[in-house]
Every structure is written in structure tokens, then in C-alpha cells.
Amino acid sequence: MTAAGAGSEPMSQAQTLRVEKWAHSKSAISRPSEIERRVLLESPRARAETAAEKLSGNAWAIALPILLFVSPVMGLAALLSSPDVTGWWNGLGLTTALIACGACFAVSVVTLGIVLSGWFHSGRKRDGASVATSLLVAVCAAISLWLIVAVAPTSPDLAGWSIPVWVAAVGGAAVAIVLLVASTRTADPKPEGRAAASLPVDVDELSEHEVQELLALRGRVVDIFAAKGEIPARVLELIPGVPLGRLHTLDDVYLKEKYPHLS
């Protein structure tokens, strides 16, 4: 941390109002790491975030479970829509249906790998939603395989599109078993358990005045979410003792308290 006031610029009222307006919005997410990221972005020292960082922060956390849920369902739906497979209604031709099915389950396989990697790096915390969606991938892939093998035998030039379906069927079941068997379950997750987040500001370069200014802004934003009832009481108790730049360490506690059925 630099000397007080060295090279520091005070935040403008527009900057503080911007983040407070975000906190009041319906689209704002009350996860501790997201609160701190948005607060630090208002610092005059903040660097512009890349598109990848924006995606990996807020949007990716939302998109990943949706992608894992939607991709196997769409893969199975592609086959069921084909009259060559089910004879139910006019839909995709057999070739198109098989290619679409294989592509969707290829996405599922990649997403399963990301989920497994994230689970390992987060300290192997059990996540009920990930277990459920992994099983969904396995079930949808198994039904799709039955349709491909028993109902719609493919020509050799299309056989390759069934490979992602096979991998998804085995991989989905395997990931679900790993998440169930190898996950750790701690009664009170330690805040230090989560890996350090990528921050838009080097906190060590901030002056004491800047740190206090940002902590005060962080406190006001937290108060807004607290008034909306979006932050669990346990997290509210812990936040005041967390230094600037370390609020992401409460994410595990936040998730456990806010979504206990997924623990």
C-alpha cells in the first residue's frame, strides 16, 4: 500500500452514484466477489476490463449451468424432431438431426470438463446443481444413443457424430459419481478456501485514503443489498472484517447460506 494520498485521485460523485444505481437495479448480483469487482471498477486507478474478464466474472457464472442444462436437452430434441427417427411430425431430416445432436453433446462434453475443473479448483465443494445436470447429460445422451443405434442406424460417413453422444453418456455419469463421492463437505466453509479473484485494481498500490474511500463505498453497496434482503445474515456479519480485495473469499459462505439445498 502506498503512502496516504500519494498519486491518488478522489472518486467523483458520478462514480459512486453509478455503482449504487447498479446495486439498486434488478439485474445486480449480490455475490461478494461481484460486489467488490463493481466497487473497484469505480476507482480512478482501475484498468478497463477485457471482454473475457467480463464474461468470466458475472455472465459466465450464469451461462455455464444454463449451457450444461440446455445442450443435452437440445441434442435429444434434435433427434426426436426428426420424422425419420420417431415418425411423429415433420422436423429435421435424419442427417441434420444427427449432426445437430452430435454438436449439442460435444458442447455438453466440453462444459462437463469445465465444471469438473471448476469443482477441483474450488476445493471440491459439493454442488447439487452440478450433480443433477451431469446426470441429465448422461440420461439424455443414453436415450439419444438408443434412438441412434436401435431406431436410426447411420451410414458410415455420419457415424462420427455419435461419438460425442457416447462420450457425454459415459462422461455425464462419471462426473456425477465423482462429484458425489469425492466432494468435501465442511460444516463451516473457510473464507480462505476460494482462489483469489482477478481484480481491476492492484490493491497494494492504493493509498490508505483510497482504501478507506473504497471500503466506505463497498459498505454502502452492501447496505443496499442488505435492505433488499439479498445477502445472508452470516455473510453480513463477516464482511466488515474482510480487507479490501478479499471479499471473494466469502463466496463459498454466501452460496452455502443462500442456497443450502445445493450444499
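Every number in this text was worked out from the coordinates using simple rules, so none of it is lab data. Note that this is a predicted model, so its numbers are computed, not measured. Cβ coordinates were reconstructed from backbone atoms using ideal geometry, including for glycine residues, and neighbour counts include every protein chain displayed.
Each peptide in 177-184, 252-259, 201-208, 98-105 gets a packing score, the mean of other Cβ atoms within 10 Å over its residues, and the list from highest to lowest is 98-105, 252-259, 201-208, 177-184.
Counting other C-beta atoms within 10 Å, which of SER134, SER25 has the fewest, and how do the rest follow?
Fewest-to-most Cβ neighbours within 10 Å comes out as SER25, SER134.
Descending by average beta-carbon neighbour count within 10 Å, the peptides 213-223, 70-80 line up as 70-80, 213-223, the highest first. Taking label points 7 Å from Cα along the Cα-to-Cβ direction, THR86 and ILE177 give a separation of 3.0 nm. Within the range 72-109, what residues put their amide N at less than 20 Å from the label point 7 Å along the Cα-to-Cβ vector of ALA159? Inside the label zone: 94-103, 106. Taking 0.36 nm per residue of sequence separation and removing the Cα-Cα distance, the PHE120/ILE66 pair yields an extension gain of 17.4 nm.
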